[in-house]
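Just so it is clear, none of the values below were taken in a lab; they were calculated from the coordinates. Treat the numbers as computed from the prediction; the structure is a model and nothing was measured. Positions of Cβ are generated from backbone atoms using ideal geometry, with glycine treated the same way; all protein chains shown enter the neighbour counts.
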Amino acid sequence: MKLKVFTITMLAAALFLSACGKSDADVAKAATDKLAAEKVTGVTVTVKDGVATLTGEVADATVKNKAEAAVRSVEGVKSVTNSVTLKPLPTPPPVADDKMLEGTINEGLKKAGIEGVTIEVKDGEVTFSGKVDKDKVMKVQEIIADAKPKKMVNNLNK
């Protein structure tokens, strides 16, 4: 009889203690507050049955991992599903059309009074050859670099 009463008492105590746990709303609020304290922005937290789900978009993986670690440390969070995405990297400006690139470089060389340089452009890569004075090589490279080619190949004879 004593064993039966003890078992029922322990079962009731366990049910009472589990019912006194934090609600999902309380855990979500605590997780949101923790993210704010850690200065993590762009992340939203929802909690269901103690499982925190993170959504949103952040600049890099460091912020994504920081958000997960912060929420994981909140009392009442059993596990974290990190569905945060990374913002796409900015796309580089388009490479100029080959003919346009060649024209820009030739015009720059002409303005600088540099002769004897032959320019070939293929797929944004500039190969320059010819013979110029040693003191003008840097200026030739500067003019070509200002046109923003994908690559420069120097075949100049100095």
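With only Cα atoms counted, the stretch 21-86 has Rg and Dmax values of 10.6, 35 Å. For the stretch 137-156, backbone nitrogen atoms closer than 15 Å to the point 7 Å from residue 110 Cα along Cα-to-C-beta are found at no residue.
Structural descriptor for the stretch 26-130: relative contact order 21 percent, calculated from alpha carbon pairs under 8 angstrom and at least 6 residues apart. A crude spin-label estimate for the pair residue 55 and residue 37, with each label 7 Å from Cα along the Cβ direction, gives 2.6 nm. What the Cβ-Cβ distance of residue 138 and residue 100 gives, at R0 = 22 Å and to the nearest 0.05, is a FRET efficiency of 0.35.
Can you sort 79, 129 from fewest to most other Cβ atoms within 10 Å of each residue's own Cβ? Working shown, then result.
On the way: 79 10, 129 14.
Lowest to highest Cβ neighbour count: 79, 129.
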